[in-house]
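The values are calculated or read from the model by the stated rules, or taken from the named source; none is laboratory data. Quick caveat, the model's predicted, so the values are computed rather than measured. We place every Cβ from the backbone using ideal geometry, glycine too, and count neighbours over all the protein chains shown. For the accessible areas, the whole protein counts, side chains as well, though only heavy atoms, and no ligand, DNA or RNA atoms are used. Shrake-Rupley method; radii C 1.70, N 1.55, O 1.52, S 1.80 Å.
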Amino acid sequence: QVHLVESGGGLVQAGGSLRLSCTTSGSTFSVNRMGWYRQAPGKQRELVATISIGGGTNYADSVKGRFTISRDNGKNTVSLQMSSLKPEDTAVYYCYVASWTGDYWGQGTQVTVSS
C-alpha cells in the first residue's frame, strides 16, 4: 500500500500562484507514475499532469505553459507549481500514484481561484 498526503491548496486571486505537494509513504519502492488530477463541482475528475519515474511529463492542454509537475524520487514526493491561475482552475486537486500494487489517491486539497 501507498499512502498519500497533499498540502498547499487554498484561495488565490486570478493570475496568482500556488504550489501543491504530495508526500507518499508505505510501499513507495513500487511507485512508477505520479500525478495530479482535479475535480470541479458537477464535473468528472480530470487529468492535470503526470510524471514518470524517469521524469517524462504529460499535461492537460488547459494547463500547459502554466503548471509544472516535478518529483523527488529520493523523498518520494510530487509537486505541482501552478501559475497564472484562472477561476476555471478551481477544483479539488488529488495526488495520484500508479504502482506495482495498484493505483492510489490522496484525500484531495481544495484550490479556489477568485476572479
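Would you please name the residue that is nearest to the chain's Cα centre (by Cα), looking only at residues in region 78-102 that are over 19 Å from A40 (Cβ atoms) and open to solvent by 50 Å² or more (accessible area, probe 1.4 Å)? Residue satisfying both the conditions and the ranking: Q81. The sole residue among K43, K75 that is free of Cβ contacts under 8 Å to residues at least 60 places away in the same chain, under 15 Å from C22 (Cβ atoms) and open to solvent by 80 Å² or more (accessible area, probe 1.4 Å) is K75. In region 1-38, which residues are within 25 Å of E88 (Cβ to Cβ), of a type in the set (S, T, Y) and not in a loop (DSSP other than H, G, I, E, B)? Hits for region 1-38 are S7, S21, Y37.
Out of the residues in region 46-58 meeting the condition of being among the small types (G, A, S) and over 18 Å from S21 (Cβ atoms), tell me which one is surrounded by the fewest Cβ atoms within 10 Å (Cβ to Cβ). Here the answer is G54.
The sole residue among T57, T90, T109, T101 that is closer than 15 Å to E6 by Cβ and out of contact with any Cys (no Cβ under 7 Å at 6 or more places or on another chain) is T109. For region 11-32, a residue qualifies if it is at pLDDT 95 or above, under 14 Å from the mean Cα position of the chain (by Cα) and either open to solvent by less than 30 Å² (accessible area, probe 1.4 Å) or not hydroxyl-bearing (S, T, Y) (or both), and the qualifying residues are L18, R19, L20, C22. Going through (1) over 16 Å from L4 (Cβ atoms); (2) among the aromatic types (F, W, Y); (3) open to solvent by 60 Å² or more (accessible area, probe 1.4 Å) one by one, F67 falls short only on (3).
Out of K75, K64, one residue alone is under 20 Å from V12 (Cα atoms), in a loop (DSSP other than H, G, I, E, B) and among the basic types (K, R). It is K64.
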